[in-house]
Structure formats: structure tokens, C-alpha cells
1. Name every residue in the range 491-517 that is surrounded by fewer than 22 Cβ atoms within 10 Å (Cβ to Cβ) and outside any loop (DSSP other than H, G, I, E, B), in order of residue number.
2. Hey, could you check the range 473-490 for residues that are touching a residue at least 60 places away in the same chain (Cβ under 8 Å) and of a type in the set (S, T, N, Q) and say which is least open to solvent (accessible area, probe 1.4 Å)?
3. Can you tell me which residues in the range 430-442 are at pLDDT 90 or above and out of contact with any Phe, Trp or Tyr (no Cβ under 9 Å at 6 or more places or on another chain)?
4. Just to be sure, is Ala158 out of contact with any Pro (no Cβ under 7 Å at 6 or more places or on another chain), free of Cβ contacts under 8 Å to residues at least 60 places away in the same chain and open to solvent by 10 Å² or more (accessible area, probe 1.4 Å)?
5. So is Ala327 open to solvent by 30 Å² or more (accessible area, probe 1.4 Å) and closer than 26 Å to Phe412 by Cα or not?
6. Just name the residue that is farthest from the chain's Cα centre (by Cα) out of those in the range 95-132 that are open to solvent by 30 Å² or more (accessible area, probe 1.4 Å) and of a type in the set (A, V, I, L, M).
7. Can you tell me how many residues in the range 518-528 are under 11 Å from Leu317 (Cα atoms) and outside any helix (DSSP H, G or I)?
8. Just to check your reading of the model, which residue among Arg197, Arg295, Arg260 is crowded, with 22+ Cβ neighbours inside 10 Å, over 30 Å from Phe581 (Cα atoms) and among the basic types (Lys, Arg)?
Amino acid sequence: MGLSTSLNTAIGGLNATQVGIGVVSQNVANAGTAGYVRRVVSNTDSLSGLTIGVQSTQVQRLLDTIVQSQLWQESAGSGYTSTRAGALSNLDQLYGAPGSSTALDTIYNNFTSALQGLQNDPSSYSLRSQVLDAANTLAKRLNGLSDGVQALRSQAEAGIGASVTRVNDLLGALTKVNARVVAAPHDNATAALKDQRDLILSELSQYVDIKTTEDARGSVSVVTGSGTQLFDGQAAVTFSFDQHSDLQPGDQWSSDPTKRGVGTITMKDASGNMSDAIANNVFRSGSIAANIELRDKSLVQAQAQLDEIAAQMSKALSDREIAGTPATAGAASGFDVDMTGLQAGNAITLDYKVTPGGQTQRFTFVRVDSAASLPLPASAGGDANNRVVGIDFSGGPASVAAQIQAAVGPGFTVSNTGSTLQILDDGAAGTRDVVGLTARPTNTALSSAGGPAELPFFVDGSAAKAFTGSYDGGSQTVGYASRITVNPGLIADRSLLTVYSTNPATAQGDATRPQLMLERLTKSQRAITNATGLDGGTSTSSSTVGNLVQRVISTQGQAVENAKRLDEGQQVALASIQSRFQQTAQVNVDQEMSQLIELQNAYAANARIISTVKEMMDMLMRV
């Protein structure tokens, strides 16, 4: 080996060790920097004759790309669970701890206890006042809970808007950094650029679940878990969100823009094509997906539960139950019922058995006064044992009978005589037995001549509109918890809590009305709609109003606990994958110091060779 060859080899080694020392110094300096990935020097050997040297050096990042991909998936999951758990915890705080003085169950029990006291002494003015005070507190508590739920929905709406803006910003920043990576794929500064790019992708994964790939040029491609391309060298889509403020219970998402009362995420691709990202289920994890679910499902269901409590309280106290009278026609038997007094939203129920040996099933026929209100919304739906059907009353009794006949099918015979509806079974065929037919009109008067004991205790809004559960012009039940109030007529004349007939006049000490109210609230079984989703179910059920309150509180508490446990588990999973990622990517100062000693020794050895070659060349020059 010639002196010049030795010198070149030593200089190459010296340069390589200098780069290595610089990388080690950089690693140590950034040991605590977020997003910094440990670097190492990759040397390429050169062969010249029988001489091996260092041809070039490259700085490489040490990371496991498979683990990194898993990390971003878990990061999206963490964004989803933490957002959801936080919102539901806030909802739980609104309800208050069960049994506490401000909890809904306590306030409801205070109302029924006041009714119990009034039943025992109906002539007492102070006990009447206690009933109205307790009822007013209950109504205001429902108002406050409803307002709180809508405030949480508005927060979710704002969260979606802020997240969409940030996603667009991140895609823009990713475009710039990615272009610099591609422009200098083998530059030693590329490692820092890739760190910066990974930080952007890491933040992006908190909003939406992403999967990434990197091509031979070093350019990254990003798609969502649903397969939507977000980035391919440049932003593939741009998102926009038409945010709404101060959401109300009736403001809900719909794929039909004319029916939509909340914001939706619009996605525009590079060709200018527009699509609805929510309708296409683009977001399946991350904080955006969580806020969409909260706004359009979880909190909507919470509102429906409050509305159901308010509706069932009102109808329990104001709806009369007019049982049908037995009727026969040959071998067929059934009932007649008077439809007089039925208002929009009031119902007629038909109970029957499939014979032989069948269980009792029910049809619920709900009055509407316009065909435009049909079909009824999904929130009114029942199940196989309680089929809810909307009936348009605008065509008169004969039309009503025809619509009911079409709904029940050939196993029954439906007819009318004036306002009297008759439903009979199939007689000798013996496939159906009619066991009950009941009309449930709402009493809108506090007292009248020979009036019923039912009363419109709770009314809808400041206009004191009677609550009938109407679906004309939209469901009256939706948002009713935010509008329910005590009938101002009762507050003006508290004797009406006991007086229900003026001819003959009801005695001031008559306990009929207080007793009916108490029994309707604590003992009467009510049909609960499927919109409440109680206990995770989607079918109708029967319950007392008091039990409904307890079930709502229990369901919300269970939902919060489930969300917390899911988030805790997700955080454990995220921490675990972060630990695995850091085992490779994180800087270990002790390891770097050991590497530094080796590089310093190599540097000294190369420097010694250069010094020795210099001495030998000086000696040759003196010869």
C-alpha cells in the first residue's frame, strides 16, 4: 500500500468518524426532544485494488415502521376514547350523583312525596303549594338538563369545526415538508425533515385514523381507515365544515341538506368533486369521529331520554283511558271505542292474541291530522310486540277505519259508526282474539262540568300548549324537556289540584285527583318508545314513570363508566405501543457515550495514521 493510498484511507476514515461524532452529539443534545428519532451513520465501503476504505456516509433514523404504524392507529383510538369519555363525564356531572339533593331522581321523588302528602290532606293550601313548588323544581331541572345536553352538542360541533381546520393545516404543512424530503433524499438533513414529517402525521392521527406508505423517493402517502386518500405527495382532499352555533334538540344531522340542522363535513378532491365525508363514513376513529358520534348519537339519545321523561309525566297526568265496550257480530267478537276527543298525537291501542297459545301483542294507532306527517319518524317506532302506526284523521272516521284495516290485515274486521270505532277478531277462523281496545285522548281542561279527574298538569312552553305528543309539523316530543312547565292555571288557582268538576262541584277535600296523579306516576305502566335506547335496547318497553327516571339515570351512569373503562384500556394500549416504539427510536445517553468513545478512538487512530504518513513523507523528502 502506497503512502498516498494510506493517507486517503485515513482521511476517509477521519471524515466518517467526524460525521459519526456529530450524529452522536446531535443524539445526546436531543435526547429529550419530542419526536426526535435516534440517528446512526451508515458507512459504504470502497475497494481499490486490495485496499478497503470508506466511500461515503449516510445518516439514517432508527425506527420500526410497523410499530410506528401501530402507534398512529392507537393514537387515533386514544383521540376517540378520550374525547368521548370527557364529554360523557361532563354529562354525568349534569345529572348529579344519584340520591344527591340536585339529582333528577331525588327531585322526582320529592314531587311524588308531595303528591302523597296532598292525597292525605287534599284541602291543605300549604300541601298544594308544596306540590306545585316540587313540580316547578322538577320542570326546571329537566329544562336545565336539556340545555346542558345541547350545550355539550354545541361543544362537539365546535370541536368538529376546529379539528377540520387543523387537519387542513396539517395537510398543508405535510405538503411542504414532504417536498423537501423528496428533493434531497440522501441529504444528511433529511433525517430532521422526516422527524418533522412524522410529528405532523402523529398529530394528524389524533384527529383521524390514518395509514401511511413511503415510496422509493421517500414521499409519503396517507389514507384513512375507510380507504379515503388524504395525501399523496400533496393534499388529495380539502375539508370544509359549515358550523352551526347554539344547537337545539330539533337540530340534527341528515344527508338531506333541507332537513339538516347541524354542520356537515364536505370533502373536495383535486378535481373539484364534492362529497359528504360524514355520509360516506370517512371518519371512523380519532377525535373527529368521537365528536360526530357525540353530537349525532350519544347526546341525541340523552336528549330523547329526557324528552321521554317529560312526555310520560305529562301524558300520565293528562291522558284519559277510555276502555272499549264489548261487541260481537256472529262468531266474531271484539270492542267498540269512542274516538271523540282524540287530538293529534293521541293513540288508540289494540291488544290481541295470536291463537292458539300466542302472547298478547299490540297495535298503537297514533292520530295525525295531515298525510304530510306520515310515515311517523323512527323515534315513534315500536317492535314486533307493539307496532306503532300513524293514522291520518283528516279524511274522517270511515277513512280512519280503512287505514286501520290496512294496517292490521285480514285477521280482523274494522268498521265505524260515526265516531265509534269497532274492531272484531276473525270469529270462527280462530287465529286472532281481540282482548282490548282503548282510546287515550288528552284532557286539556283543568276543570269542567262533570269533567274527568285527569288534568294538564304540565304544559308545553310559555304559551301553555297542551302536550299531546303530536307529530304534525314535527314531533312535539323532541325537545319537550327544554320546554316543559307547570300549567300557569294551576299556579293561579291551586284549588284545581283537587277540584275537577264544577257541576256537580268537587269538594275541596276530595282526594280523587291527587290519588289519580300519584297512581299514574308510581304504579301505572307506560309504553316507552324505542328512541330512548334504555339499557342499550332498541325496542319499546313498559315502565312506570318513576322507574323510567331510575332507568335513565342508570343508563347514563353505565354509559359513562363504559366510556371511562374503554378510555383507560386505550391509554394502556397506547402507552404500551409508545414504549415499544421508543425502545428503538429513543436516544439512550449511555449507549451514545459508549459509541462516542469508539468514534474518538477511531478518530485518534486515523489521525495517528495521517501523522505517521506525514512523518514518512517528510523523511523521504529529506533523502
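The values are calculated or read from the model by the stated rules, or taken from the named source; none is laboratory data. Every value quoted in this text rests on a predicted model; they were computed, and no experiment measured them. Cβ: placed from backbone, ideal geometry, glycine included. Neighbour counts: every protein chain shown. Remember, those area values only see protein heavy atoms, side chains included, never the ligands or the DNA or RNA. Shrake-Rupley method; radii C 1.70, N 1.55, O 1.52, S 1.80 Å.
1. First pass over the range 491-517, keeping only residues surrounded by fewer than 22 Cβ atoms within 10 Å (Cβ to Cβ): 491-496, 499, 501-512, 515-516.
Scanning the range 491-517 gives Ile491, Ala492, Arg494, Ser495, Leu496, Ser501, Thr502, Ala505, Thr512, Gln515, Leu516.
2. Here the answer is Gln476.
3. Start the filter on the range 430-442 by keeping residues that are at pLDDT 90 or above, which leaves 431-442.
Correct list: Thr431, Ala439, Arg440, Pro441.
4. Values: out of contact with any Pro (no Cβ under 7 Å at 6 or more places or on another chain): yes; free of Cβ contacts under 8 Å to residues at least 60 places away in the same chain: no; open to solvent by 10 Å² or more (accessible area, probe 1.4 Å): yes.
Here the answer is no, as Ala158 does not meet what is asked.
5. Working: open to solvent by 30 Å² or more (accessible area, probe 1.4 Å): no; closer than 26 Å to Phe412 by Cα: yes.
Against the criterion (open to solvent by 30 Å² or more (accessible area, probe 1.4 Å) and closer than 26 Å to Phe412 by Cα), Ala327 does not qualify.
6. Leu127
7. So the first thing to find is which residues in the range 518-528 are under 11 Å from Leu317 (Cα atoms), and the list is 518-521, 524.
Adding the requirement that they be outside any helix (DSSP H, G or I) leaves 524.
Number satisfying all stated conditions: 1.
8. The unique qualifying residue is Arg295.
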